[in-house]
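Starting off with a structure, shown below.
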Amino acid sequence: MKKYGLLLIALIIFVAGCEIKTVDEVKENTFALEYHLDFNHPYKYITPEEAIDFLQEGSGIIMFGFSSCPWCQSMVNILYEVAKDKNINEIYYLDIKKIREQNTEEYQQIVNILNDYLYEDKDNNKRIYVPDIYFLNEGKILGHDNDLSILSGNVEEYITKEKEKEIKEKLLNLIAKTFSGECIDCED
């Protein structure tokens, strides 16, 4: 009887043309829908713990943001275009909203790691404002961009074609420095 049940399930899946996806594939598809990207994008959702590990030892690009932030929406798309042109196939992404609101232990660890790069809130506490992007080589921050994170108002009015070009040039420079290993924001 078990055999027939399994056979029936297999037949239904085959006939329906269902495709079984991994959790990571579902997350990547969700990201594409949230940010209006094609499904072949370089962004990879990571957990707060993975973000901490990456900031301590990783090489590449990590972005902090959340999809309801219009500035993040713009920056994700701008960075996507630049990454695509430079054949960057992985950008780590942490949706920071929930852990920031809850001020979790992981959020505090990330804040401590990024302390020198963060703005202060109205209570003089360091805070991750978004979008916030870091470029690392073996856990060493080589460059950083959070210029849009402190802005308010209409994104479309601020990000003109000229401003978008300026942002892309900065990102291209940061990518070049990251993948060459040259540090532009380091103090040592």
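Just so it is clear, none of the values below were taken in a lab; they were calculated from the coordinates. The structure presented is a predicted model; accordingly, all values stated were derived computationally and were not measured. Methodologically, a virtual Cβ is constructed for each residue, glycine included, from the backbone with ideal geometry; neighbour enumeration extends over all protein chains shown.
Sort the following peptides by mean Cβ neighbour count (other Cβ atoms within 10 Å, averaged over residues), highest first: 122-131, 105-114.
The most tightly packed comes first, giving 105-114, 122-131.
Does segment 47-113 come out rounded, prolate or oblate by the C-alpha gyration tensor, with a ≥ b ≥ c the root eigenvalues, rounded set by a/c under 1.5 and, if not, prolate when a/b is larger than b/c and oblate if not?
The shape class here is oblate.
Which order do the peptides 156-168, 69-81 take when ranked by the mean count of other beta-carbon atoms within 10 Å per residue, highest first?
69-81, 156-168
Something else: Counting Lys +1, Arg +1, Asp -1, Glu -1, what net charge surrounds residue 57 among other residues with beta carbon under 13 Å of its beta carbon?
Once positives and negatives cancel, what remains is -3.
Measure up 98/126; 122/161; 140/177 against 21 Å on the Cα-Cα distance and list the ones that go over.
In this structure, 122/161 exceed 21 Å between Cα atoms.
Over segment 22-180, calculate the relative contact order: mean separation of alpha carbon pairs under 8 Å at least 6 apart, over the residue count, as a percent.
On the way: 219 pairs, mean separation 42.1, N = 159.
Answer for segment 22-180 is 26 percent.
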